[in-house]
Amino acid sequence: MTQSFRDIVARRQAGQPDDDTAPAGATRSPSARQRREPFVPRKVTSMGDTGLTPGFLSDLVVKALYLRGQATPADLTETLRIPYYGVMEEILRDLTNQELCFIARGQSMNPLTYAYTITSGGQTRGQEIMARNAYAGPAPVNLEDYWQAVAAQTVEGVMVNRSSLEQAFKDVVIDPALFDQLGPAINSSRAMFLFGPPGNGKTMIAETLVRLQGGEVYIPYAIEVGGEIVRVYDPVHHPRAAGDDPAGENDPRWVRAKRPVVAVGGELTLPMLDLIYNQTSKYYEAPFQLKANNGAFFIDDFGRQQVAPRDLLNRWIVPLEKRVDYLTLLTGQKIEVPFDTLVMFSTNLDPKELVDDAFLRRIRYKIEIKSPSAAQYKEIFRRVCASKGIAYDEAVVDYLLNEKYPALEVAPRAVHPRDLVEQIIDYADYRQMPPAITRETVDLACQNYFVRL
């Protein structure tokens, strides 16, 4: 039997193992974590299987009919993602008996051919419902079912090793020593801080780590909490998985997607981390961290946000410690939602200047991404030249490293070879000549690229 996420969180807080079968004091082994049964939404055959009340579902159907005027069972099941037999059939029969809609056409022996038209009474009812909540998309899943799904698909089941890291970074010049820091951080599923000078690939490293999570998860279109609707599925952050959906005919209220990757930068503010209420449509949009459940939440350029870093990080203390988040409805009611995401902070600033030791302690892994060595810089430059079809000249790169950088009083960065070579290509295009790596073209590129104050 699958444990709920609440059970897992409660056991961990009590110092007990996550796995009920493990002996006292033991922890889950990697093999145990990898054996977790894959989650597939269960088949819906009755109203009770939806986890929603008949009244709630009836209101959704009325809204759909109100907006369309007339609809077939196929239209309604496509819009609301609930099956006809066992659910929609019963709702439409009840609405017809209440004279909120009527059968306009269809073959009497085949109800799937019926076309239901809303009545004037149904229009009045639809207006009343729309005034309270205008959501008319796929039916939501209830919050408890969402907890269960997140628990079954947790990022704690994602494991990497040295070999998988090397494969993931095979096209990147990176210090191999970083693998032994990044690997345990990924496997811990705990938050990490990537820090260091700008231009050395922190964002690229974070994005590669996220892709390493791999796999597919089920995301609900929306969740229902006390009659309120929170929209979760976002095609920007939840790209659909390729191929046939093994859930198939089971519960189409879930979308099979790649593990989500939610990335934010300097635009992040505190209100974005709570439920976003649509005053016009009267329903909520899930915040970034909820959309990132079962995946990764990447906060880039940390410290450049409009809100103070301390205030922003204080918002994360409870979720990072308890793996539970608390969101606020418009009524002031707090709802408890799972927080199951690999959080990565990336900053060009010194972490000690951003937050105090108490918070840094909660970020289990602090990984410095340093500037490349001379050998690494040359290899990056060589690869960039190869990708651009330009002859590589190590003597010119030695000149750049040993003379140009010291004269400019700047340090080499991993991003510089790409940017300088592109400047050289731009100059060659302007002069209508083949691009070449020479002292003269490097001087011109540096003149345009670096700023001396």
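Residue check, GLU228 against (1) over 20 Å from ILE82 (Cβ atoms); (2) out of contact with any Pro (no Cβ under 9 Å at 6 or more places or on another chain); (3) crowded, with 19+ Cβ neighbours inside 10 Å, all met but one. Which one? For GLU228, the exception is condition (1).
Would you pick out the residues in the stretch 119-148 that are part of a helix (DSSP H, G or I), within 15 Å of TYR283 (Cβ to Cβ) and either of a type in the set (A, V, I, L, M) or in contact with a Ser or Thr (Cβ under 9 Å, 6 or more places away or on another chain) (or both)?
ILE129, MET130, ALA131, LEU143
Picking from residues in the stretch 413-435 that are of a type in the set (A, V, I, L, M, F, W, C) and either within 27 Å of ASP175 (Cα to Cα) or loosely packed, with under 15 Cβ neighbours inside 10 Å (or both), the one that is farthest from the chain's Cα centre (by Cα) is MET433. Just name the residue that is nearest to the chain's Cα centre (by Cα) out of those in the stretch 330-384 that are of a type in the set (D, E, K, R) and assigned to a loop (DSSP other than H, G, I, E, B). Restricting to residues being of a type in the set (D, E, K, R) and assigned to a loop (DSSP other than H, G, I, E, B), the top hit is ASP340. Looking across the stretch 120-152, just one residue is surrounded by 18 or more Cβ atoms within 10 Å (Cβ to Cβ), under 14 Å from ARG68 (Cβ atoms) and not small (Gly, Ala, Ser), and that is MET130.
Evaluate the stretch 260-275: report whether one residue or more is among the polar types (S, T, N, Q) and farther than 15 Å from VAL232 by Cα. Yes: one or more hits. Residues that are among the hydroxyl-bearing types (Ser, Thr, Tyr) number at least 2 in the following helices (runs of 4 or more DSSP H) confined to the stretch 44-111: 54-68, 73-80. From the list ASP356, ASP393, the one residue that fits, being of a type in the set (Asp, Glu), closer than 30 Å to ILE317 by Cβ and either out of contact with any helix residue (DSSP H, G or I) (no Cβ under 6 Å at 6 or more places or on another chain) or surrounded by fewer than 17 Cβ atoms within 10 Å (Cβ to Cβ) (or both), is ASP356. GLU403 meets each of the listed conditions (1) surrounded by 15 or more Cβ atoms within 10 Å (Cβ to Cβ); (2) farther than 26 Å from THR208 by Cα; (3) of a type outside the set (A, V, I, L, M, F, W, C) apart from (1). Applying the condition of being of a type in the set (D, E, K, R) and farther than 18 Å from PRO197 by Cα to the stretch 359-371 and asking which residue is surrounded by the fewest Cβ atoms within 10 Å (Cβ to Cβ) yields ARG361. For the stretch 162-171, state whether one or more residues are touching a helix residue (DSSP H, G or I) at 6+ places or on another chain (Cβ under 8 Å), farther than 30 Å from ARG418 by Cα and not in a strand (DSSP E or B). There is no residue in the stretch 162-171 that is touching a helix residue (DSSP H, G or I) at 6+ places or on another chain (Cβ under 8 Å), farther than 30 Å from ARG418 by Cα and not in a strand (DSSP E or B). The test for being within 23 Å of the chain's Cα centre (by Cα), more than 28 Å from TRP254 (Cβ to Cβ) and not polar (S, T, N, Q) does not hold for LEU143.
Pick out the one residue from VAL232, VAL261, VAL236 that is without any contact (Cβ under 8 Å) to a residue 40 or more places away in the chain and within 15 Å of the chain's Cα centre (by Cα). Exactly one of VAL232, VAL261, VAL236 is without any contact (Cβ under 8 Å) to a residue 40 or more places away in the chain and within 15 Å of the chain's Cα centre (by Cα), namely VAL236. Just one of (1) assigned to a helix (DSSP H, G or I); (2) touching a Ser or Thr at 6+ places or on another chain (Cβ under 9 Å); (3) in contact (Cβ under 8 Å) with a residue 60 or more places away in the chain; (4) aliphatic (A, V, I, L, M) fails for LEU212. It is (3).
Evaluating GLY183 against the criteria (1) assigned to a helix (DSSP H, G or I); (2) in contact (Cβ under 8 Å) with a residue 40 or more places away in the chain leaves one unmet condition, (2). Here ALA74, ALA32 are screened, and the one residue that is modelled with pLDDT under 55 and more than 24 Å from VAL337 (Cα to Cα) is ALA32. Within the stretch 100-109, identify whether any single residue is under 20 Å from MET47 (Cβ atoms) and not hydrophobic (A, V, I, L, M, F, W, C), and answer yes or no. Within the stretch 100-109 (the criterion being under 20 Å from MET47 (Cβ atoms) and not hydrophobic (A, V, I, L, M, F, W, C)), the answer is no, since none of the residues qualifies. I need the full set of residues from the stretch 372-390 which are charged (D, E, K, R) and buried (at least 17 other Cβ atoms within 10 Å of the Cβ), in order please. Hit for the stretch 372-390 is LYS378, nothing else. Of the residues making up the stretch 188-201, those that are under 20 Å from the mean Cα position of the chain (by Cα) and surrounded by 16 or more Cβ atoms within 10 Å (Cβ to Cβ) are SER189, ARG190, ALA191, MET192, PHE193, LEU194.
The values are calculated or read from the model by the stated rules, or taken from the named source; none is laboratory data. The shown structure was predicted, so the numbers you read here are calculated from the model rather than taken from an experiment. Every residue, glycine among them, receives a Cβ derived from its backbone with ideal geometry; neighbour counts consider all protein chains shown.
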